[in-house]
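Input: a single structure, listed below in structure tokens.
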Amino acid sequence: MAIHISGSIAFDRIMTFPGHFEDHLLPEKLHMINVCFLIDRIEEKRGGTGANIAYSLYLLGLTSSIYGSVGRDYRGACQDALEKMNINLDGVKILDDSLTACAYITTDSKGNQITGFNLAALNTPTERSAYPECKEGDLGIVSPGNIEDMFNFPQYFKEKKVPYIYDPGQTIPAISKESHLSCIDGSEILIGNDYEIELICQITEHSKAELLERGKYIITTLGENGCQIDIGTESINVPAPIVAKVADPTGAGDAFRAGLLLGISKGLDIETSAKIGSVCSVFCIEKYGTQEHSYTLPMFKERYEDNYGTFPL
């Protein structure tokens, strides 16, 4: 079994704003915003949706493959760190005439985030020759990255009969109605936070119920309120685990997806898989950065059982 990740490898410049964004936004002036948020912390970390998911899969004892493009600044510490985790990087193309994608993420004291993302090398799609040799039992996830990749990989996974998660995230507005619907068609899971799922519904002009006629599950992450799993006409609510201390919510969604993939790969039901994902996200939230958390499997099991009962693996 192999896990194939189409997504970004990037650098994150993570900033914190000690106030509330909403206190600086005037509803009657949203058409002409001119706001400065005075941040009190900034750090540069390794990031990117693909790399973050692969990192948490590594902590869970699973190997994965990433597909995407990076720039010349990827060589060195970033590449070395991924290679030490035995992540398959054959699908990663290094462009010497470009820089690696970079996210500029500002988080307020309520956990709300405003992000600017420069695609840089990610403007170059993955070459077809670098696509995986898929086999029965493999899993795929299509996370924010190159826009062409986000359309092409779902089509490829369907062609190869590989179950996949469609996770368009921050790239939702850049993807057409027709492309979204094509990618949701035949997907195992459509996933996003409540804002993202609502935005997909608006762009596609489809309700959740109508989207569920095209894919198997919709998972809506709800921050401190856990997540909601929609299956046909049924909804399952999974509460969030207890967080010891919120350090930084950046990357928590990617960690959640890694746990979700672990559960699915082990044949667990969708609710249990989401609980594993939720525990993954908590470890990430408690550290500043998207690839700074760590744990042993006994630590993970204890955290799961403290929140959800007997660990299923």
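FYI, it's all coordinate maths here, none of it is from the lab. If you're wondering where the values come from, they're calculated on a predicted model, not measured in any experiment. Positions of Cβ are generated from backbone atoms using ideal geometry, with glycine treated the same way; all protein chains shown enter the neighbour counts.
Observations
- Seen from every direction in turn and averaged, the convex hull around the alpha carbons of the range 1-69 projects onto 7.4 nm².
- Calculated FRET efficiency, LYS84 to GLU305, Cβ-Cβ distance, R0 = 30 Å: about 0.50 to the nearest 0.05.
- For TYR104 and THR63, the FRET efficiency from 1/(1 + (r/R0)^6), where r spans their Cβ atoms and R0 equals 25 Å, is about 0.25.
- Calculated on the alpha-carbon coordinates, the convex hull of the range 222-298 measures out at 90 cubic angstrom per residue.
- The value of relative contact order for the range 31-156, using C-alpha pairs under 8 Å at least six residues apart, is 22 percent.
- Taking the DSSP bridge list for the chain and keeping only pairs wholly inside it, about 40 percent are antiparallel.
- In plain terms, the chain from GLU286 to VAL246 could stretch by 13.9 nm, reckoned as 0.36 nm per residue minus the Cα-Cα distance.
- The range 195-239 pair-distance distribution - Cα-Cα, 5 Å bins, rounded %: 5, 23, 29, 25, 14, 3
- Volume per residue of the C-alpha convex hull in the range 1-136, rounded to whole Å³: 158
- The alpha-carbon atoms of the chain define a convex hull whose volume equals 136 cubic angstrom per residue.
- Over the range 186-313, relative contact order from alpha-carbon pairs under 8 Å, at least 6 apart, %: 18
- Taken along the Cα-to-beta-carbon direction at a fixed 7 Å, the label points for MET1 and ARG72 span 4.2 nm.
- The slack between ASP96 and GLN155, meaning 0.36 nm per residue of separation minus the straight C-alpha distance, is 18.3 nm.
- Take 203-215, 35-47, 102-114 and order them by the average number of nearby Cβ atoms within 10 Å per residue, most first; the result is 102-114, 203-215, 35-47.
- Put the Cα centre of the range 253-313 next to the Cα centre of the range 67-143 and the gap is 22 Å.
- Between ASN118 and GLN202, the contour length at 0.36 nm per residue exceeds the Cα-Cα span by 27.7 nm.
- Each residue of the range 294-300 was assigned a 3J(HN,Hα) from its phi angle through the Karplus expression (A = 6.51, B = -1.76, C = 1.60, θ = phi - 60°), giving 7, 6, 9, 4, x, 4, 5 Hz with x at Gly and Pro.
- Just so you know, the Rg over Rh for the range 143-259 is 0.96, from Cα atoms, with Rh as the Kirkwood radius.
- Per residue, the chain reaches -9500 deg cm²/dmol at 222 nm when only DSSP H runs of four or more residues are counted, each adding -39500 (n - 2.57).
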